[in-house]
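Working notes for the structure below.
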Amino acid sequence: MTTALTVPPSRGFSTFLFSELALDLDALEADIAFLGIPYGSAYSFEDITNDQSRMPTAMRRASDRIVRSLERYDFDLGGPLYDGRDIRTVDCGDVRTDIHDLKSHLARAEQAVRKILKAGALPIVLGGDHAIPIPVLRAFEGRGPITLVHIDQHLDWRDDFNGVTDGLSSPIRRASEMEHIGEIFQIGLRATGSARIEEVEAARAYGAHLITAYELHDAGMDAILERIPAGGQYYITIDLDGIDSADAPAVAAPMRGASPFCRRES
């Protein structure tokens, strides 16, 4: 029986952004480690292999179209992606799953991130639905305080949904219970989702900064970023439905309302 935490990326072994494949997490040498976590904690049998579970593969396949080659000049960045610095990046593959134990991958995800952090690398995680941050954030235990920056159209503060406490509606609620998580900034909230009044009240009682899409439109990105304390440690989680539905229509729960995270012609 294998004890490996990860497996190679599927479909041609293509890695993210031309990075080196590195499956031995105990011998990891890297500055940045990409890790695919395709599966979260499903609410129903049909949700186990949802469209989001295919995203790590899709992002790897698209990455060499976004950046044609790492030495190329990127006009959006004002230079090459890594600014000409000697940065070693690796792709640790996807967290291994077990058809006989549909929750075991969550423990392996946490273990994989812990090993990446122990190696001194920055983990960049490719999900997967928005249950993914729960095991990832648990791996940061003892490394706080961490400011959590959450970009999403939904609040994600449910204590449980269908009896599941670690699903895609609950990552920020679970994060709020972790001692190493400090301030929480939730940016781009709009329309409706799983949140009820009690979840909004719980978020406000914690002291979470709830910034709606309308507020971000009106105040502007610079003004919102000024509210986030400088000089700290940050974990940024992006749920794709925080992007405008016109630009990301294939998310699981697209909602009305214009997200500020999009480009529009004036």
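Quick look at the values:
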{"item": "Net +/- balance of residues flanking Thr89 in space, Cβ distance below 10 Å, scoring K and R +1, D and E -1", "result": "-2"}
{"item": "Solvent-accessible heavy-atom area per residue, rounded to whole Å², over the stretch 1-134 at 1.4 Å", "result": "56"}
{"item": "Positive minus negative residues near Glu20 (Lys, Arg vs Asp, Glu; Cβ under 14 Å)", "result": "-3"}
{"item": "Sorted largest first, extent of the chain alpha carbons per principal axis (Å)", "result": "47, 46, 35"}
{"item": "Relative contact order of the stretch 154-218, defined on C-alpha pairs under 8 angstrom at six or more residues apart (%)", "result": "36"}
{"item": "The stretch 48-91: proportion of alpha-carbon pairs further apart than 17 angstrom, %", "result": "48"}
{"item": "Extended-chain gain in nm, criterion 0.36 nm per residue less alpha-carbon gap, Lys103 and Ser10", "result": "31.4 nm"}
{"item": "Percent accessible area from carbon and sulfur atoms, the stretch 107-200, protein chains only, probe 1.4 Å", "result": "49"}
{"item": "Sulfur and carbon atoms: percent of accessible area, the stretch 38-81 [1.4 Å]", "result": "52"}
{"item": "Theoretical gain in end-to-end length, His180 to Leu21 [0.36 nm per residue, Cα-Cα removed]", "result": "54.2 nm"}
{"item": "Projected label distance in nm at Arg143 and Glu29, using a 7 Å step from Cα toward the beta-carbon", "result": "2.1"}
{"item": "The stretch 141-266, Rg to Rh (Cα coordinates; Rh as Kirkwood inverse mean 1/r)", "result": "0.96"}
{"item": "Convex hull volume per residue in cubic angstrom - Cα atoms of the stretch 20-170", "result": "145"}
{"item": "Value in Å of the Kirkwood radius, where the stretch 81-150 supplies the Cα pairs that are averaged", "result": "13.7"}
{"item": "FRET E, pair Thr3, Tyr214, Förster distance 51 Å, beta-carbon r, rounded to 0.05", "result": "0.55"}
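The values are calculated or read from the model by the stated rules, or taken from the named source; none is laboratory data. What you see is a predicted model; the values in this text were computed from it and never measured. Because the Cβ atoms are built from the backbone with ideal geometry, glycine has one as well, and the counts that use them run over all protein chains shown. Heavy atoms of the whole protein, side chains included, go into the accessibility calculation; ligands, DNA and RNA do not. Shrake-Rupley method; radii C 1.70, N 1.55, O 1.52, S 1.80 Å.
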